[in-house]
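Peer 1: The following block contains the structure, expressed as structure tokens.
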Amino acid sequence: MSSDAAREPKLYDTLIVGGEVVDPDAGLGGPLDVAIRDGRIAEVAPNLDRMAAREVVDAAGGYVTPGLIDLHTHIYWGATYWGIEADPVAARTGVTTWLDVGSSGAYSWPGFRRYIAAPSRVRVFALLNLSSIGLIAPTWEFSNLDYCDIDLAQTMVEANRDLILGIKARIDANTTRGVGIRPLELARELADRVELPLMVHIGNGPPTLAEVSHLLRPGDILTHCFTGGNMRIVDDAGVPDPAIMALREQGLVFDIGHGTGSFSYQTAEAMLNAGVMPDVISSDIHQMAIQGPMFDLPTTLSKFLNLGLSLPEVIARATSRPAAAMRRSDLGSLRPGSPADVALFRIEEGEYVFRDVHMNARRGSQRLINTLTMVDGEALPRIPESPLHPWATLPEWQRGVRAPEEDRIEA
Ligand SMILES: [Zn+2]
């Protein structure tokens with residue numbers, strides 16, 4: 001290209017051609033080109049003029065989706081037990097918006113803002129932990145109610161509404177150790193005061209699911225919704241809990257939050273058999289879960305593809321649906337005018353073994369693989385990931401887990 005040609009003004013900065021667009025909630029699907037200008041989606045239409053673009057990206061044979069939104073992540077690297085670094089993982093998974101859920105409480109929020117949110121290439125938002133100490137330690141954050149300072153938490157939310165999109169409370173036997181349901185009552189009060197969604201984590205109680213469910217409201221998020229723990233939302237006969245289902249009818253959001261402890265094929269299959277799909281498919285990625293059997297968000301999405309959801313159903317649950325749950329429907333879409341957060345994927349066909357957190361195996365024939373990730377119209381570079389922390393060991397039964405393409409079901 002001559003220097004004159006390089007300086008010639010072009011209509012588009014980047015044109016992604018030849019791919020199949022998947023953005024069902026925006027009404028966009030099929031063989032369409034995606035044009036980007038000034039960091040925003042300029043146009044989505046068939047056969048756009050390649051000569052009008054400074055750069056052309058060939059997506060033939062693949063899928064073009066909005067950048068993924070992961071509604072359940074832990075990215076407070078270096079200050080918490082769980083946190084990983086978002087940018088290097090984003091570049092290989094297509095996740096352009098990361099909601100960190102409860103890693104920071106009031107005392108650690110300023111550090112999250114300065115050291116994590118500010119320098120990240122990806123979009124970072126957070127749910128503030130009701131516990132002022134957040135997730136510095138693996139658990140027990142509510143076992144001392146002195147840390148449940150709702151006035152202080154409210155002050156932090158009011159001053160940081162650009163980044164704090166809701167409240168997080170992990171409610172299970174370990175997090176609350178001995179104090180019962182009280183932290184959830186306080187989290188309810190905090191969420192009501194600041195008028196933001198409350199994300200509640202369930203697992204192994206006490207408390208019981210019934211104690212939790214009467215403190216949930218429409219617009220709240222029930223994460224680990226397909227847990228196999230004793231707070232699971234489906235009974236042994238495969239019947240979903242009526243109180244939880246009634247809440248969901250009114251707008252309670254079912255979020256997967258796979259992690260190392262919270263995705264059970266038995267629960268998932270029972271719920272899907274009962275005709276209930278999750279609203280959002282998220283990873284709960286952290287220092288342990290990244291080692292498998294969760295691995296990353298595309299692997300988690302692949303599990304749902306192989307459970308029978310269609311590609312558009314799966315993609316909506318990791319783009320527009322989490323955007324709506326975060327009340328940020330300006331994100332997670334390829335609609336013209338949206339920020340140009342874009343992910344390219346291909347589907348690899350083969351014989352794979354996927355596992356839930358109990359290491360129960362299911363065969364699958366499709367694996368979703370990210371090939372390019374763009375934020376504000378710029379491709380994220382693939383950069384090395386920091387080594388895992390010395391304490392980041394998988395539960396004993398998950399050790400030695402292999403990637404789906406390398407796994408074999410032993411006879
Ligand atoms: Zn989590």
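Peer 1: Can you pull out every residue in segment 322-337 that is over 21 Å from residue 253 (Cβ atoms) and either surrounded by fewer than 21 Cβ atoms within 10 Å (Cβ to Cβ) or in contact with a His (Cβ under 9 Å, 6 or more places away or on another chain) (or both)?
Peer 2: Hits for segment 322-337 are 335, 336, 337.
Peer 1: Of the residues 131, 103, which is over 18 Å from residue 258 (Cβ atoms), in contact (Cβ under 8 Å) with a residue 24 or more places away in the chain, within 16 Å of the ligand (Cβ to nearest atom) and surrounded by 24 or more Cβ atoms within 10 Å (Cβ to Cβ)?
Peer 2: Selected residue: 131, the only one of 131, 103 that is over 18 Å from residue 258 (Cβ atoms), in contact (Cβ under 8 Å) with a residue 24 or more places away in the chain, within 16 Å of the ligand (Cβ to nearest atom) and surrounded by 24 or more Cβ atoms within 10 Å (Cβ to Cβ).
Peer 1: Here is a further query. Please state which of the following conditions residue 205 fails to meet, knowing it meets all the rest: (1) small (Gly, Ala, Ser); (2) within 16 Å of the ligand (Cβ to nearest atom); (3) modelled with pLDDT under 95.
Peer 2: (2)
Peer 1: Please determine, by comparing only the residues of segment 60-89 that are crowded, with 23+ Cβ neighbours inside 10 Å and small (Gly, Ala, Ser), which one is farthest from the ligand (Cβ to nearest atom).
Peer 2: 67
Peer 1: Looking at segment 162-188 only, could you name the residues that are within 14 Å of residue 102 (Cβ to Cβ), among the charged types (D, E, K, R) and modelled with pLDDT under 95?
Peer 2: Result: 170, 172.
Peer 1: Return a yes/no flag: does segment 222-240 have any residue that is within 16 Å of the ligand (Cβ to nearest atom), part of a helix (DSSP H, G or I) and at pLDDT 95 or above.
Peer 2: Among the residues of segment 222-240, not one is within 16 Å of the ligand (Cβ to nearest atom), part of a helix (DSSP H, G or I) and at pLDDT 95 or above, which makes the answer no.
Peer 1: Restricting to segment 293-328, and then to whatever is touching a strand residue (DSSP E or B) at 6+ places or on another chain (Cβ under 8 Å), of a type outside the set (A, V, I, L, M, F, W, C) and within 16 Å of the ligand (Cβ to nearest atom), can you tell me which residue is farthest from residue 361 (Cα to Cα)?
Peer 2: 322
Peer 1: I'd like the residue in segment 134-163 that is over 15 Å from residue 190 (Cα atoms) and aliphatic (A, V, I, L, M) and, out of all such residues, is surrounded by the fewest Cβ atoms within 10 Å (Cβ to Cβ).
Peer 2: 137
Peer 1: On to the next question. Just to be sure, is residue 319 surrounded by 22 or more Cβ atoms within 10 Å (Cβ to Cβ), under 10 Å from residue 69 (Cβ atoms) and among the polar types (S, T, N, Q)?
Peer 2: Yes, satisfied.
Peer 1: Would segment 144-162 turn up any residue that is within 16 Å of the ligand (Cβ to nearest atom) and part of a loop (DSSP other than H, G, I, E, B)?
Peer 2: Within segment 144-162 (the criterion being within 16 Å of the ligand (Cβ to nearest atom) and part of a loop (DSSP other than H, G, I, E, B)), the answer is no, since none of the residues qualifies.
Peer 1: For segment 164-188, how many residues meet the condition of being under 25 Å from residue 328 (Cβ atoms) and either small (Gly, Ala, Ser) or surrounded by fewer than 20 Cβ atoms within 10 Å (Cβ to Cβ) (or both)?
Peer 2: Going through segment 164-188 one residue at a time, the tally reaches 3.
Peer 1: Right, next: Being surrounded by fewer than 14 Cβ atoms within 10 Å (Cβ to Cβ) and either within 26 Å of residue 107 (Cα to Cα) or over 23 Å from the mean Cα position of the chain (by Cα) (or both) narrows it down to one residue among 246, 191; which is it?
Peer 2: One residue alone meets the criteria, 246.
Peer 1: Suppose we filter 236, 279, 220, 296 for residues that are closer than 25 Å to residue 398 by Cα and free of Cβ contacts under 8 Å to residues at least 60 places away in the same chain; which single one remains?
Peer 2: On inspection, the qualifying residue turns out to be 236.
Peer 1: Scan segment 145-162 and give yes if some residue there is in contact with a Gly (Cβ under 8 Å, 6 or more places away or on another chain), in contact (Cβ under 8 Å) with a residue 40 or more places away in the chain and aromatic (Phe, Trp, Tyr), otherwise no.
Peer 2: yes
The values are calculated or read from the model by the stated rules, or taken from the named source; none is laboratory data. Being a predicted model, the structure only gives us computed values, none of them experimental. With ideal geometry, Cβ positions are generated from the backbone for all residues, glycine too; neighbour counts draw on all protein chains shown.
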